[in-house]
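Contents: one structure, followed by commentary.
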Amino acid sequence: MPTVVLMDVSLSMTRPVSLDGSEDFQRKNLAVHGLTMLFEHMAANYRLEFTSLVAFSSLWELLVPFTRDYNALQEALSNLEDYDKTCVESALHGVSNIVQQEWGSSCPCQVVLVTDGCLGIGKGSLRHSFHTLKQRGDDKKFPLPFPFPAKLFIMCVANAEELNMTDAMENLEELLHLNGGEGQIFTMDGPLCLKSVQTMFGKLIDQAYSPFHAVLHCGNLSSDVQVFPRPEPVVVDEEVEPMPRTVNTEVDEVGTGATDELEEEASASQMAGKSPNFCVLLHGSLKVEGMVALVQLGPDWYGMLYSQADSKKKSNLMMSLFEPGPEPLPWLGRISHLGPISEAAENPYGEDDSKSPFPVQPQIKRSYAQNVTVWIKASGLQTDVQKILRNARKLPDKTQTFYKELNRLRKAALAFGFWELLKGVADLLERECTLLPDSAHPDAAFQLSHAAQQLKLASTGDSQYAAFDHNIVPMHTDFSS
Amino acid sequence: MKMFSVSHKTAFVVDHCPYMAESSRQQVECDVLTKSRAQGVIPLAPVSKSLWTCAVECSMEYCRILYDVYPTNKLVNYIVSDSEFHILNSWRQEDQSTHELMAALAAVGPPNPREDPECCSILHGLVAAVESLCKITELQHEKRTALMDTAERVANRGRIICLTNAKSDTHVRMLEDCIQETILEQNKLAAGSDRLMAIQQCELVLVHIYPQGEDTLVSDRPKKEISPLLTSEVHSVRAGRHLATKLNILVQQHFDLASTTITNIPMKPTLNVCEQEEQHANTSANYDVELLHHRDAHLEFFKSGGTSRDSGLKETVTLKWCTPRTNSIELHYCTGAYRISPTDVNSRPSSCLTNFLLNGRSVLLEQPRKSGSKVISHMLSSHGGEIFLHVLNSTRSTLEDPPSISEGCGGRVTDYRITDFGEFMRENRLMPVSESAHDPSGKLPAERAKAQLERHTRYWPMIISQTTIFNMQAVVPLANLIVKETLTEEDVLTCQKTVYNLVDMERKNDPLPISTVGSRGKGPKRDEQYRIMWNELETLVKTHAGATDRHQRVLDCIVACRSKPPEEEERKKRGRKREDKEDRTEKNGSKDTDDKSWQDSDRSGMLDKEEQESEVIKDSPDSPEPLNKKPRLSTDEVQPPERAKGPVSLLSLWTNRIAAANSRKHQEFAGRINSVNNKAELYQHLKDENGMEVHENGKASR
């Protein structure tokens, strides 16, 4: 999940931190120290994540666009300059734009706001933003909640007492509230020093940047894996299942057979590069066979593993998480009801892989697959009547189609209580009968008047003739003798 | 949407009183005469639908869309009301289909205009609907049972859609009051019953239908709260297409649907989208088809405010048909798939598109843009007779440029049993098992699949150089059988035959495909090879011997038949493994110093495997003797190119030199001199002597 670091570079960040007799640090230095620690952690454990750095005061500037190059981030951090006053709202607008331009609005992001808790004065201050919150038009909406799923982590280079003396804490809490409660405020404990800033960023790392280690099992074969990006807990239904579901760290492979996508890679230790690893074996075989493996991530939560190659011929093992639930892909049926093929009398894939037991067909066909009758628009009804007449003129060649269409219309008319239509079509058929040319086959006249009579009987609603499941059958005629 | 929101249960109450037999006064000309036949023929008078027909067909359309998009767990209970109520179906899943409902409606027939209007009322149906909403559904029952202690989390909410012809606003208020009272009464009843649940929330949607050309007697009213239990809204609509439009909007609101219009659908014969249309192909019309689906498929648009308003009330997102391209690499990953339902299901363009998709073709959809590059954001495709709108990620992906798996753990190992594991995966493939098929073990099919995986992996070496038996064709019958849960008498015989065959091979002194990777010379002696093979086979069978007596008999057979050198027997008693390890280090010790130099000179080449072999095999039942290592003339060929390119360290310069110097001290092997591409065929003498193919006993070495 990408991260935007939003760094306050207003003048108040240059306030010196009173340290007993040692060098004079500014709050900015502490903030930079904390971020350095975060970047170092990410470079070591999270190197596949994208991070960008934005500095803000009354204006904002994108210092480093989203990158995996933590040196670039570090360098930008060491070249920060000092500007005027804090203006959180415009900076958050900036973040919103940067993220949407890069990742669209469905990719979850983490925003790390680093500030000293001085949230500006006058116009543009956070206090001012909140005061005017309710008097805004659609074009000047407050940037929170972000249009994309986002967690907001506010890192205050200040301690809680200090923030509580003004309305700073209150305003920061309001900020978090506007983000739907997603995120957390971190403050420094005790005196402002390198150690306490380390502790604070350490908490952030534990909370939001802990690497996701898991074990992938396939029977007795197993492999330690790390998953990028970290799979986040999901709340399926806050009413029936209010507890968020988390991915089990013991991942079970069930067998081989949209959504968040996860990339998984074995933790890259060069030392271990030479002992065999199950992930590499699995990846190789999945790739060669063009198969995917089903993985169980928790109770009623599944995903799949497959080999994904980029255009540069590098490939890796990818894990896609399905939506939690017993039947994430309808065409597979219930996952718990997938069994081993060895139980079948005959291999459902065929001896030469020519068949497949998938997709599982739904019990009832969808409307577009079953030739339903809809007469909402006049054209629908006209088409159906014309179809019957067209076939009527080609009797007896089209006898089967004629009766099929006739019965379809009959059923719908009965269901809709549209008896008038049955009478009308009966009249039409009788008219067709009178218009038959002399050369017409004698059977045509018989069938037309038979059909017309049957429709008329049905239109009386007489249970003998108007039963829904009854079909009008062709009149039995024999002209051979 | 919550699992048990008001959308879980929808009760349709349709008025069947005599006034519903009245004509909607919307006439349909169904006798369209062609010019050539028009002369002298009097066209049939246009037909017109009754209010009842309009109500029924629009409610069926509502259900059709609902069932297309939500085949399960969004349930309809259809009730008809005249002098009494008629419940046409139940909440049960098997009753949820338009076909069932149409059959039931046909049995009801149109309202009888001669029935006494005084006896008839929509109220009968509304009361029945409230009673019905109290009835527990299969899903509610299932979840309540599953949640046990927290069963109260299963809510009971529902919606009543009432299609009627009301007399006045006062009449509507009377109906609302009556529903409110009934809910209170029924909730009291429900409190004392297991099969009933009290209604926590009920949403009444009253649709007043009146004929065309008349003024309405009932006014529209947005949703308002009648009580904490009941909300009510009133829609006053003319019969005919206005009613159809209204119910189409309602089904979208009620079930979080959104609309996508596919535009620019070509009817060119080459694309075969619409064969019937080919005759008119020269008109080259491009058609539009509107589809409904869950609104999450538009998440990206809603957030960025990109929805376009089509004509009138309707809100739809227009996406362009994108002529299929062959280059599938451009496809981004899919983030969701949503069922669709065509708005106009049996129109020609709709059915052409859906048939095209049902036949297995896919359609990419792009966002219409005036300038800039194509943005493909969606794809239509069917799975198992159902069409899904797939959402494709159209922005930058956080998954771009992933590292290669070869850079990670075990990435440098080159002799994985890829083909064997592919075979393993194919044997462990899954298939759908019908829910009714009950297994005596009481295990679900997926649990049985996992149990099979467990059995099949009890002994499964991952690399070729770690195994002998899995490189031998002769062992295959036994290896395939022993992993089975149960063995037949015949299976045991086959296993025994395999063992006897191995004994025979040993007697004839047949060669074994012992890994000689990295070794110079012949490798272990023949009897040592067989010892390794027997040990490995024993390990495999031992992991299964506990399963049944028959499994045990296979192990017994091996133990009885295998050869064991006497000193080995002796060693076994003293704890073989430890001894073995010491043994090896002792033997290795003397050579270590000489060999190290050239080993270092080529870390990543074939020699690695040897190093690894000695690493890995200590876990296996027995280890081969460390091999006599002999220097080779040239190491250039096996150096991977990327190594050769990189900067050269002092150590490797030195070791290369030493290696070169050492290699000059001996004569080249005959095999290497005669080799093709640095590969020499082994055991050629056997071919010459016996005329026998070496590969008969071992799979071709990889």
Next on the checklist: If I go through the range B:441-471 residue by residue, how many of them are surrounded by fewer than 22 Cβ atoms within 10 Å (Cβ to Cβ) and among the small types (Gly, Ala, Ser)?
Outcome noted: 3
Next on the checklist: Quick check on my filter: what residues within the range A:220-240 are open to solvent by 30 Å² or more (accessible area, probe 1.4 Å), at the interface with another protein chain (Cβ under 7 Å from one of its Cβ atoms) and farther than 18 Å from residue A:323 by Cβ?
Outcome noted: A:220
Item to check | Qualifying residue in the range A:42-55 (condition: more than 14 Å from chain B (Cβ to nearest Cβ), open to solvent by 20 Å² or more (accessible area, probe 1.4 Å) and basic (Lys, Arg)) | outcome: no
Checklist entry - Within the range A:98-116, is even one residue farther than 24 Å from residue A:208 by Cβ and of a type in the set (Asp, Glu)? => result no
Checklist entry - What number of residues within the range A:309-339 are in a loop (DSSP other than H, G, I, E, B) and facing chain B (nearest Cβ under 7 Å)? => result 4
Checklist entry - Of the residues in the range B:389-407, how many are part of a helix (DSSP H, G or I) and either within 7 Å of chain A (Cβ to nearest Cβ) or within 22 Å of the chain's Cα centre (by Cα) (or both)? => result 2
Checklist entry - Checking residue A:357 against (1) assigned to a helix (DSSP H, G or I); (2) facing chain B (nearest Cβ under 8 Å), which single condition isn't satisfied? => result (1)
Checklist entry - Condition test on residue B:182, is it at pLDDT 95 or above, more than 14 Å from chain A (Cβ to nearest Cβ) and closer than 18 Å to residue B:85 by Cβ? => result yes
Next on the checklist: Quick check on the range B:328-343: of everything there that is closer than 15 Å to residue B:397 by Cβ and more than 19 Å from the chain's Cα centre (by Cα), which residue is modelled with the lowest pLDDT?
Outcome noted: B:329
Item to check | Conditions (1) surrounded by 15 or more Cβ atoms within 10 Å (Cβ to Cβ); (2) hydrophobic (A, V, I, L, M, F, W, C); (3) facing chain B (nearest Cβ under 7 Å); number of the one not met by residue A:344 | outcome: (1)
Checklist entry - Take the residues of the range B:419-466 that are polar (S, T, N, Q) and within 7 Å of another protein chain (Cβ to nearest Cβ): which is nearest to the chain's Cα centre (by Cα)? => result B:428
Checklist outcome for this item: Of (1) outside any helix (DSSP H, G or I); (2) within 11 Å of chain B (Cβ to nearest Cβ); (3) not hydroxyl-bearing (Ser, Thr, Tyr), residue A:385 satisfies every one except (1)
Checklist entry - Give me the pairs: first residue in the range A:399-420 and within 11 Å of chain B (Cβ to nearest Cβ), second residue among the charged types (D, E, K, R), beta-carbon distance under 6 Å, and six or more apart or on different chains, which are they? => result A:409/A:384; A:416/B:57
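Would you check which residues across the range B:101-160 are of a type in the set (Val, Ile, Thr) and more than 35 Å from the chain's Cα centre (by Cα) and list them? It would help to see each step written out before you state the result.
Within the range B:101-160, the subset of a type in the set (Val, Ile, Thr) is B:108, B:122, B:127, B:130, B:136-137, B:145, B:150, B:154, B:160.
Correct list: B:108, B:122, B:127, B:130, B:160.
Here's the yes/no breakdown for (1) surrounded by fewer than 15 Cβ atoms within 10 Å (Cβ to Cβ); (2) assigned to a helix (DSSP H, G or I):
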site	(1), (2)
B:133	no, yes
B:143	no, yes
B:150	yes, yes
B:160	no, no
B:167	yes, no
B:175	no, yes
B:181	yes, yes
B:188	yes, yes
B:193	yes, no
Next on the checklist: Can you say whether residue A:431 is more than 18 Å from residue A:459 (Cβ to Cβ), basic (Lys, Arg) and within 14 Å of chain B (Cβ to nearest Cβ), as far as the supplied structure shows?
Outcome noted: no
Checklist outcome for this item: Exception for residue A:394 within (1) in a helix (DSSP H, G or I); (2) more than 7 Å from every other protein chain (Cβ to nearest Cβ); (3) of a type outside the set (Val, Ile, Thr) falls at (1)
Item to check | The listed residue being assigned by the TED database to the domain that holds residue A:118, under 29 Å from residue A:50 (Cβ atoms) and either part of a loop (DSSP other than H, G, I, E, B) or in contact with a Phe, Trp or Tyr (Cβ under 8 Å, 6 or more places away or on another chain) (or both), out of A:190, A:181 | outcome: A:181
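Out of curiosity, is residue B:129 part of a helix (DSSP H, G or I) and at pLDDT 95 or above?
Spelling it out, residue B:129 is indeed part of a helix (DSSP H, G or I) and at pLDDT 95 or above.
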Checklist entry - Mind checking which pairs have a first residue in the range B:448-459 that is farther than 11 Å from residue A:218 by Cα and a second that is open to solvent by 30 Å² or more (accessible area, probe 1.4 Å) and not in a helix (DSSP H, G or I), Cβ under 7 Å, 6 or more apart or different chains? => result B:448/B:439
Item to check | Residue under evaluation residue B:385, criteria (1) crowded, with 19+ Cβ neighbours inside 10 Å; (2) facing chain A (nearest Cβ under 7 Å); (3) in contact with a helix residue (DSSP H, G or I) (Cβ under 7 Å, 6 or more places away or on another chain), criterion not met | outcome: (1)
Checklist entry - Within the range A:375-387, which residues are surrounded by fewer than 22 Cβ atoms within 10 Å (Cβ to Cβ) and not basic (Lys, Arg)? => result A:378, A:379, A:380, A:382, A:383, A:386
Checklist entry - Of all helices (runs of 4 or more DSSP H) completely enclosed by the range B:504-574, which ones contain at least 2 residues that are at pLDDT below 90, farther than 30 Å from residue B:484 by Cβ and outside the structural domain of residue B:493 (by TED's automatic domain parsing)? => result B:566-573
Checklist entry - Which one is farthest from residue B:79 (Cα to Cα) among residues in the range B:17-27 that are of a type outside the set (Gly, Ala, Ser) and either open to solvent by 10 Å² or more (accessible area, probe 1.4 Å) or not assigned by TED's automatic domain parsing to the domain that holds residue B:129 (or both)? => result B:27
Checklist outcome for this item: Scanning the range A:423-474 residue by residue, those buried (at least 16 other Cβ atoms within 10 Å of the Cβ), assigned to a loop (DSSP other than H, G, I, E, B) and among the aliphatic types (A, V, I, L, M) turn out to be A:436, A:466, A:472
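The values are calculated or read from the model by the stated rules, or taken from the named source; none is laboratory data. None of the values given here were measured: they were computed from a predicted structure. Positions of Cβ are generated from backbone atoms using ideal geometry, with glycine treated the same way; all protein chains shown enter the neighbour counts. The area values use the complete protein model at the heavy-atom level, side chains included, leaving out ligands, DNA and RNA. Shrake-Rupley method; radii C 1.70, N 1.55, O 1.52, S 1.80 Å.
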